[in-house]
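Bear in mind these aren't lab numbers, they're just calculated from the coordinates by the rules spelled out. Values in this document were obtained by computation on a predicted structure and should not be read as measured data. Here the Cβ positions follow ideal geometry from the backbone for every residue, glycine too, while neighbour counts run over all protein chains shown.
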Amino acid sequence: MRAVILALSAVLAACGGGEEPAPPAGEVPETVVEAPVADALHMYVLDCGTIEISDLDIFSTAGDYAGMTDTFADTCYLIRHPAGDLMWDLGLPGILAGAEPQTDGVFAVSLEKTLTDHLRTLGLFPTEIEYVSISHSHFDHVGQIDQLLDSTWLVHEAEYNSMFPPNAGSDEDVDLSAAQFSAFDGLETVPFTGEYDVFGDGSVIIFETPGHTPGHTSLQVDLPETGIVLLTGDLYHRAESRELQRVPRFNTDEALTRASMEAFEARASELGAKVIIQHEPASIDPLPKPPEAMR
Ligand SMILES: [Zn+2]
């Protein structure tokens, strides 16, 4: 039985709408807030797995990637805000942690550390993460939801409906969906369309970039020191995919994906934003990592 609670008003109330505003960039807050609450907006990139791809052909409908190989980073992002924490994307399944790489078709996946272990290095427990959101529901972005079952799920309505089809054609469809995404089913859920301002102050905005999947989303974060960054989700898989506007073969709607790319690029230039391609190692390397991961 699906338990969807439309808790938007409760969530907004809980956020406080500015009861404890973030200190201006560069200033130390006068009152010391109790750990582990963030004193200002921070973003950490978490290593949520590695994906070796033995043939990149499926990543371009243009056919120009056939026979190439690549290594994708699989990344999750912890956004710490004085009003709460958001986990953006949930990586590969935690059961892979420490195991030999698992091969499935062109993919060989591996994971060093679970989200719970990453959070521990920051002095956090998974139960303290108020919000989770996924760019989309593919296997490499939903794997560790089982560790964040106390969080509220912010989800694009179209993605939710693709995961839990309201008019599924058969019991088989319903069963398949239930098995794949069962851990999401009991979460407190806030569906949205268009954009969602997570903390009500414009600093963290989930925005729709549909096409790769029906309700694919990307994330905008206004970091005090870095400026605005846009996390692509899988709108682009590689730096070159962005340069060449390549669309993967496993994609819901190519025309819609191209329209989303155009809107995303317009947004990035309008905001002067730095674009982070989540599977591209060179793109994520410069980002802050939890203390233990720092070299
Ligand atoms: Zn992906």
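At a glance:
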{"quantity": "Size descriptor, Kirkwood hydrodynamic radius, that averages inverse alpha-carbon separations across region 252-295, Å", "calculated": "12.7"}
{"quantity": "Sorted by Cβ neighbour density within 10 Å, fewest at the top, the residues THR114, THR127", "calculated": "THR127, THR114"}
{"quantity": "Size of charge dipole - region 93-144 - debye, nearest 20, with Cβ of Lys, Arg +1 and Asp, Glu -1, no other charges", "calculated": "60"}
{"quantity": "Furthest towards positive pole of dipole, VAL142, MET163, SER283, structure part region 39-293, Cβ charges", "calculated": "SER283"}
{"quantity": "Ratio Rg/Rh [Cα only; Rh per Kirkwood] for region 39-293", "calculated": "0.93"}
{"quantity": "Antiparallel %, DSSP beta bridges [both residues in region 39-293], to 5", "calculated": "70"}
{"quantity": "Net dipole in debye of region 235-295 [+1 Lys, Arg Cβ; -1 Asp, Glu Cβ; about Cα centre; nearest 20]", "calculated": "140"}
{"quantity": "Point-charge dipole on Cβ atoms (K/R +1, D/E -1) for region 39-293, about Cα centre, debye to 20", "calculated": "460"}
